[in-house]
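The values are calculated or read from the model by the stated rules, or taken from the named source; none is laboratory data. Given the structure is predicted, the values throughout are model-derived calculations rather than measurements. Note that each Cβ is placed from the backbone with ideal geometry, even for glycine, and that neighbours are counted across all protein chains shown. What goes into the accessible areas is simple: the full protein's heavy atoms, side chains included, and nothing from ligands, DNA or RNA. Shrake-Rupley method; radii C 1.70, N 1.55, O 1.52, S 1.80 Å.
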Amino acid sequence: MKGRNQTLLSEFLLLGLPIQPEYEHLFYALFLAMYITTILGNMLIIVLIQLDPNLHTPMYSLLSNLSFSDLYFSSVTMPKLVKNMQSQVPSIPYAGCLTQMYFFLLFGDLESFLLVAMAYDRYVAICFPLHYTSIMSPKLCVCLVVLSWVLTMFHALLHTLLMADCLFFQNSVIPHFFCDMSALLKLACSDTSINELVIFVTGGIILVIPFLLIIVSYARIVSSIFKGPSAQSIHKTFSTCGSHLSVVSLFYGTVIGLYLCPSANNSTVKETVMAMMYTVVTPMLNPFIYSLRNRELKGALGRVLCKKKISF
Ligand SMILES: *[C@@H]1O[C@H](CO)[C@@H](O)[C@H](O)[C@H]1NC(C)=O
C-alpha cells in the first residue's frame, strides 16, 4: 500500500508567500535584491579571507565558513521562491522537495553550530587573551568545523529519511515558500508522531543547547569586561557583542519559536514571516554584522583593492 501511494505522489504545490497580486512585482524585486546582496556580501567575505594572509586565523576561518554556509542556506530556498513567484503553477517534484529539505536542514544546522564555535572563539579571546593561541589552535578549529559537518549531515539525513517514510496525498498544497519540515508533516496522511518526537528531541539538542552556549559565552564576555580597564573597551565590546547577539537571537528565536513551540493559533502569515527572518534576513545580515565593525576586514579590503589597482 505504501509503495502504491508513493508512486502516486509526484509533486507538491508550493503556495509561496501570501502576497497580494498588486504587490507581487515589488516583492519579486525585493527578494531578488536581497538574494543578490546575500550572495555578494558573503562571497566578498570568503574571497577577502582567502586572499589576505593576515586573516588566516581561526576567527576568520570560522567567519568564512559561516559565510559559506549562509551562501548555500539562502540558495536552497531563495532561487526557487523567486522563480515560483513568476510561474503559474508553482510546483515542486516530490524528490526535489525532499532534497530541498535535506539541504535546508544541513546548512541551517551548520549555521547554528558555527555560531556557537564563533561565540566560543570570542569568549576565549576576551576572557583568556593570554592563552588564546594555545586554546584556539588551527587544529581545534578544523575539529570544530568537521564535527559541525558530521553532526549536521547526520541530523539532516535522519529527518529526511523519516520524512521519506511519510505518505502524502497527490498534489498536496504546501502553504509555505519552501519544503518546510513542519509544513510537510501537517500534510502527511500517515502517523507522524515519531517524526514530531524526533524533531522535538533533536531540535532541543541542535538548537537549544547551542543557543544556551552562545548566551553563556556572551554573558561571560560581558561580565569579564566590567573588570576591564577603560570605558572605551566596554563600549566597544558591548556594541560588538550586542550586534552579534541580535542576529543570533533573531535566528534562534524564530527557529525555536517555529519548531519547538509551535502553537495552533499561529497563522500561516505569521509563520511565513518568521521563516523569512531566519531563511532570508539572517544570512543577508550576517556578513554585515560580523564584519562591519571589523577594522581588520576593512583593512584587508583596502589592501586587496590596492593590489588589484597596482597589478592593472
Ligand atoms: C572552514 O574552516 C576550516 C578549518 O579552519 C578551513 O580549513 C576552511 O578553509 C574553511 N572553509 C571555508 C570555506 O572558509
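Taking every protein chain into account, the accessible area of the chain amounts to 51 square angstrom per residue (probe 1.4 Å).
Note on the chain: with charges restricted to the Cβ of Lys and Arg (+1) and Asp and Glu (-1), its dipole about the Cα centre is near 1100 debye. Close lysine pairs were tallied over segment 2-311: pairs 8 or more places apart or on different chains with Cα atoms under 24 Å apart number 10.
Ignoring any ligand, DNA or RNA, what whole percent of the accessible area of segment 175-232 comes from carbon and sulfur when the probe is 1.4 angstrom? Walk me through the intermediate numbers first.
Working: 2180 of 3010 Å².
Of the solvent-accessible surface of segment 175-232, carbon and sulfur hold 73 percent.
Between F12 and I92, Y94, the built amide H atoms are under 5 Å apart, and every one of these is 5 or more places off in sequence or on another chain.
Farthest toward the positive end of the dipole of the chain, out of T202, I49, A117, is the Cα of I49, where the dipole comes from beta carbon charges about the Cα centre.
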